[in-house]
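Notes to accompany the following structure.
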Amino acid sequence: MGSRLAADIGGTFTDLILLDDEGKPYVQKTPSTPDDFKNGVLNGVHKTLTETNRVRNGAGEIALSDIEYFVHGATVVLNALIQRKLPKTAVITTSGFRDVLEIMRTNNPYMYDMHYIKPAPLIPRRLRFEVTERVRHTGEVLVGLDEESVRAVAHELKDAGVESVAVCLIHAYANPEHERRVRDIILEVCPGIVVCISSDVAAELREFERTSTTTINAATVPIITSYLDRLSGDLREMGLRRDLYVMQSNGGVITSNVAQNLPVRTVLSGPSGGVVGGAYLAGKIDLDNVVTLDMGGTSTDIGMISNGRPITVDESRVESWPILAPMIEILAIGAGGGSIGWLDSGGGLRVGPQSAGALPGPVCYGKGGTEPTVSDACLVLGRLDPDYFLGGEMELDVEGAHQVIGEKIAAELGMGKEEAAQGVVTVVTANMAKATRQILVARGLDPRDFTLMAFGGAGGMVVGDLLRASDVKRAVVPNNPGALCAVGMLVTDFRHDASATMVRSLDQADGSEVAAVFKDLENEALGRLVEEGVSKNDVVAERYIDVRYIGQEHYLKIPVRDSAPDFKRLGEAFNAEHERVFGYCTPEFPCEFVNLRVTALGQVQRPEFPTYEPRSASDGPLKADSRRAIYFDGKDIDTPIYRIESLRPGDSIIGPTVIEDPRSTVVILPGQAASVDTYRNILIEEIDG
C-alpha cells in the first residue's frame, strides 16, 4: 500500500492525515482560509509533508509525488448554497409547471409556527422557462417535444447571460428522451453553457424534489468545477501525479471529474467522513451502536451508526431545499468552539448558531475577535492550556478571554466570570444533548443502547458534560480526534448509487420485470466504478426497494438479497420495519413498491490503526505531567493533566482530569472515570454512586 493523504476542511481548521507505505499516521492541523479554502488545503499539504519528513528523521523522505491516493472533503457546495453565492442559473420545465420551485409543498413544515414564511425560490421566475411537451408517468408521450419552443428559450438564455441550466420535464424519470433532446438543442445554441437534466441527476418521482435537486446540481457545477480545477492544478505543480478524489455525502468517494458533474452528491462531503471513520473505529473496538459527534470550530455534526453501519437517507434538506440523493444522515447544529455566547431579549443565555469562524475567531485567538465564544469560556475555566494550544504553535490570549466573558456575559448576568463561562459550556452541551436525543428518537432508537463518540478539535472539551446531560451512558474519544474525518476518507469505498422509479403493488408485481431493472441499475453503477479504475473483483452490489402502504406519500427502504425478490417476504419485512420505526404496522393493508435502488461499492484496502504496548515495569506507574486549577462544580480544583503520549493501554484515571494532545483536549469531570484501550482511545463512563 502506497502513501495516502486526506484533507478535511472545516470552517475554522483544516485537518490532514498522511499514512506512509507502512500505514503509520502523521497528523496535522492548519487554519482554514474561508476566502478561498483551496489555500488552506495547500498550506496544510505543505505543512504535513514538511513535519512528517522532520519527524521521520531520515527514514525516507515523502514527497507529494509519492502519494498514491489523495482524497478530500469539499465544502464549497454547501457554503455556496448557504450563502446563496450562485452563478446565474435557469430552469426549463414542461409548459404549465414553471412555478414548481415556488409552490414547493403546500404544507407548513413547522406545524405550530403561525408566522412561517416560505423561503424565496432558488431561481427567480424570470429565469424559469417552459417548453411544449408532455410525457405520462408510464413513459408514454402525450405531446411531442416542440423543438422550436426549445430554441426560442435557448436564445433567451443566451441573451440573459445564463451560465447554467437545469432541465426538469414532467415524468422524465420514466422517459428521458425529451430532456436529452432539450439538452442537445441548448448546447447547439449556447455552446459552453452547463446543462443538467433531471433524468441524469435524480431519476425518481416527486416533481418538486426532483426539480430542486437538479437545480442545486446545475447551480453548483461551475463553482465546484472552478474550485477543483484550481486545486488540482496547484497540487500538480507541487508534484501530485494521481487524480484528486472527493468524498461524497453518501460515505463513498468519487473522482474529481465525477464530482464536477454531480456536485449535489458532495453537499455533506466533510461531515460524512467523520461518520465513516467512526464506523471503522467502532468495528475495531466492538461497538455496534454509536452516536458520532464531530465538534469543530463552527458547528457540530451528529450522525448515527446502527448495527455497525452508518444510517443513510435517500432524501435530505439543505436549508429548506430537498435533495434526492443518498446521504449519511447527519444533523448539523450551530455549536462549535467558535460559537458565540449571547443574551436574548429576556436576559437568557444562548450559544450559537452564530460563530466567530476562522476569522476573526474567538477572542483568545488574538486575531481581532470581539465576541465571547465556547473556546473563550473553556480557557476561562482552565480547561485549555494557553501555552499548549496546537502543540504550542498558537499562544492563547488569557486576559482577552477573561475580559470578554466578564464584560459581555458575567456583568450582564450579575455573576462571576467562571460561573458565566460554565454557563456557556452548559448551554452548548444542552443543545447537543437535545439534538442527540432528537436524531435517535426520531428513528425509534433508544439512546441507552448507544455509545457517544466525540471527536473533532473541540469534541473532547465537552464530552464529559455531554455524557452527563444526555441519555447516553458511555463515551469514547478517538486517538487523534481532530483527524477522524480525514481517517474516514482514507477507509471509505468508491461508491455509486443508481435508482429507478417503478410503482407496482406487491400482489401484482412481476419478478422478471424487477430483475431486469435491477440488472440495468447494477450495470450502470458497476460501469461507473470500472471507469474510475476499480477492479471488478473488488466490487459488491447492494439492492434495496422502497415500499409503502398504498395511499401513503412516503416509504421505507428495505434491503433485498435477490434481484427477483420474494414479494411476500418483502411485505413482511416492510411491516416489521414500519413497526420498529413508527411503533405500529397494519399488515392487512396492501403495499406497493415505488423505487428500486442499487448501491455499488468498490472496496479499498483499509489501513490499520496503530496499537500501543501496555505499561511495563520500566515505564513506572502513571503520573500526571502537570497540574493546574480548573473550575468544576462551582470551585477551582487542583487537577492532574496528562499528555496523551504518557498514557498506555490499560491505564485508568479518575476525574477530574484533563488529557491533552497537540490538537485536542479531553476533559473528564468529577465523578467520571476514563480508561485507555490498545489504540489509545479514551473510554469514559460515569462512576456509579
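Given the conditions (1) out of contact with any Cys (no Cβ under 6 Å at 6 or more places or on another chain); (2) part of a strand (DSSP E or B), report the number of the one that R569 does not fulfil.
(2)
Considering segment 377-407 alone, what residues qualify as being assigned to a helix (DSSP H, G or I) and surrounded by fewer than 20 Cβ atoms within 10 Å (Cβ to Cβ)?
Hits for segment 377-407 are L390, G391, G392, V398, E399, G400, H402, Q403, G406, E407.
Identify the residue in segment 63-93 that is of a type in the set (V, I, T) and under 18 Å from the mean Cα position of the chain (by Cα) and, among all such residues, is nearest to T14 (Cα to Cα).
Looking at residues that are of a type in the set (V, I, T) and under 18 Å from the mean Cα position of the chain (by Cα), I get T75.
Restricting to segment 593-622, and then to whatever is part of a strand (DSSP E or B) and in contact with a helix residue (DSSP H, G or I) (Cβ under 6 Å, 6 or more places away or on another chain), can you tell me which residue is farthest from L529 (Cα to Cα)?
For segment 593-622, the residue satisfying everything is L596.
Does E418 count as free of Cβ contacts under 8 Å to residues at least 12 places away in the same chain, under 23 Å from S626 (Cβ atoms), out of contact with any Pro (no Cβ under 9 Å at 6 or more places or on another chain) and not aromatic (F, W, Y)?
Spelling it out, it is not the case that E418 is free of Cβ contacts under 8 Å to residues at least 12 places away in the same chain, under 23 Å from S626 (Cβ atoms), out of contact with any Pro (no Cβ under 9 Å at 6 or more places or on another chain) and not aromatic (F, W, Y).
Please indicate, with yes or no, whether at least one residue in segment 530-541 is closer than 19 Å to A325 by Cα and in contact (Cβ under 8 Å) with a residue 40 or more places away in the chain.
yes
Which of the strands (runs of 3 or more DSSP E) contained wholly in segment 1-61 include at least 3 residues that are in contact with a His (Cβ under 9 Å, 6 or more places away or on another chain)?
Answer list for segment 1-61: 3-9.
Taking the residues in segment 253-269 that are among the hydrophobic types (A, V, I, L, M, F, W, C) and within 19 Å of G533 (Cβ to Cβ) as candidates, determine which candidate is surrounded by the most Cβ atoms within 10 Å (Cβ to Cβ).
So, considering only residues that are among the hydrophobic types (A, V, I, L, M, F, W, C) and within 19 Å of G533 (Cβ to Cβ), the one surrounded by the most Cβ atoms within 10 Å (Cβ to Cβ) is V253.
Closer than 30 Å to N108 by Cβ and out of contact with any strand residue (DSSP E or B) (no Cβ under 6 Å at 6 or more places or on another chain): does that describe R265?
Criteria met by R265.
What residue, of D288, D229, is surrounded by fewer than 21 Cβ atoms within 10 Å (Cβ to Cβ), of a type outside the set (S, T, Y) and part of a loop (DSSP other than H, G, I, E, B)?
Only one candidate passes the filter, namely D288.
Determine, yes or no, whether V276 is surrounded by 24 or more Cβ atoms within 10 Å (Cβ to Cβ), closer than 27 Å to I197 by Cα, among the β-branched types (V, I, T) and at pLDDT 90 or above.
In short, no.
Determine if segment 368-378 includes at least one residue that is at pLDDT below 90, of a type outside the set (S, T, Y) and not assigned by TED's automatic domain parsing to the domain that holds I668.
Yes, the conditions are met somewhere in segment 368-378.
Give G337, G346 a once-over and let me know the one that is assigned to a loop (DSSP other than H, G, I, E, B), buried (at least 23 other Cβ atoms within 10 Å of the Cβ) and at pLDDT below 90.
Within the list G337, G346, the selection yields G337.
When only residues in segment 563-583 that are surrounded by fewer than 15 Cβ atoms within 10 Å (Cβ to Cβ) and within 31 Å of the chain's Cα centre (by Cα) count, which is nearest to A509 (Cα to Cα)?
It comes out as A576.
I'd like to know if segment 503-523 contains one or more residues that are assigned to a strand (DSSP E or B) and not polar (S, T, N, Q).
The answer is yes, given that some residue of segment 503-523 is assigned to a strand (DSSP E or B) and not polar (S, T, N, Q).
Residues that are under 18 Å from S212 (Cα atoms), in contact with a helix residue (DSSP H, G or I) (Cβ under 6 Å, 6 or more places away or on another chain) and in the same structural domain as T214 (by TED's automatic domain parsing): does segment 144-164 have at least one?
There is at least one residue in segment 144-164 that is under 18 Å from S212 (Cα atoms), in contact with a helix residue (DSSP H, G or I) (Cβ under 6 Å, 6 or more places away or on another chain) and in the same structural domain as T214 (by TED's automatic domain parsing).
The values are calculated or read from the model by the stated rules, or taken from the named source; none is laboratory data. For clarity, every value in this text was computed on a predicted model and none was experimentally measured. When we count neighbours, we look across all protein chains shown, and the Cβ atoms used for this are built from the backbone with ideal geometry, even at glycine.
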